[in-house]
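For reference, the structure is listed below as structure tokens.
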Amino acid sequence: MIALEITINGKKIVLAGSPSLAGGVTSVVKAPSPGEPVGALTVFGITEFVEGEEQLMLNWKENHPVSVGDEIRICIKEVSKADPPESSENPAHQE
């Protein structure tokens with residue numbers, strides 16, 4: 001399966017991937033606001049829609065702190081196993 005290995009300043013944060021994902025893994029970085037020292041990194045994916053099954057949003061990292069000057073690296077890898085998500089939820093049930 002395809003997975004994203006995310007490192008910050010050379011330290012592995014997560015290897016995110018699942019064979020059930022519809023469109024792969026997405027990584028979003030919210031840069032620090034002016035005057036704020038910390039932003040956030042979120043890594044997630046949504047499972048493929050299958051009739052009669054619950055579609056899930058898989059969250060590997062949610063609001064992981066990032067700071068000005070951090071080097072964030074995303075490497076696309078072919079792997080047999082990835083890190084499990086930290087949480088999952090049905091996106092249709094979000095408020």
For a protection proxy built on the mean count of beta-carbon atoms within 10 angstrom, sort 43-51, 82-90, 70-78 highest first, please. 43-51, 82-90, 70-78
Projected onto their principal axes, the Cα atoms of the chain stretch, largest extent first, over whole-Å spans of 48, 34, 18
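Taken together, the values in this text are just the output of simple stated rules run on the coordinates, not laboratory data. What you see is a predicted model; the values in this text were computed from it and never measured. Please note: Cβ atoms are built from the backbone with ideal geometry, for glycine as well, and neighbour counts cover all protein chains shown.
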